[in-house]
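**Q** First the structure, then my questions, so here it is.
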């Protein structure tokens, strides 16, 4: 493992590498997950699960509710990301 000597930069590089690996791994298996749990959605958009729950409560993010569980649609998360661009 290569390190830069900067703990913050190393942590960021590790997080990016993990995310790239996960995306490549899912594409190789032909799995494009559409619905995310709150925790998965939080990781996908770089927020905390509590923050995502607040966004659901104030209707910033629409949610899907099934069998007493809450899910978020990848498309809605992508639209939220796009709306934040300047």
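**Q** Across 5 Å bins from the origin, how do the percents of Cα pairs in segment 33-86 run, short distances first?
**A** Bins of 5 Å from zero give 5, 21, 35, 28, 9, 2, 1, 0 percent of pairs.
**Q** Please give the helix 7-28 orientation as an angle from the longest Cα principal axis of the chain, in degrees from 0 to 90, rounded to the nearest 10.
**A** 60 degrees
**Q** So how far apart, in nm, are the two label points at residue 11 and residue 86 if each is 7 Å from Cα heading toward Cβ?
**A** Those two pseudo-labels are separated by 2.5 nm.
**Q** Continuing with the same structure: Using 0.36 nm times the number of residues separating residue 47 and residue 4, minus their current alpha carbon distance, what extension gain do you get?
**A** 12.9 nm
**Q** Okay, next question. By how many nm would the segment from residue 59 to residue 24 lengthen if fully extended, with 0.36 nm per residue of separation less the alpha-carbon distance?
**A** So the extension gain works out to 9.5 nm.
**Q** Next question. At 222 nm, what value in deg cm²/dmol follows for the chain if DSSP H runs of at least 4 each add -39500 (n - 2.57) and the sum is divided by all its residues, to the nearest 500?
**A** Per the formula, -18000 deg cm²/dmol.
Rule-based calculations on the coordinates, nothing more; no lab input. The shown structure was predicted, so the numbers you read here are calculated from the model rather than taken from an experiment. Neighbour counts run over all protein chains shown; Cβ positions are idealised from the backbone, glycine included.
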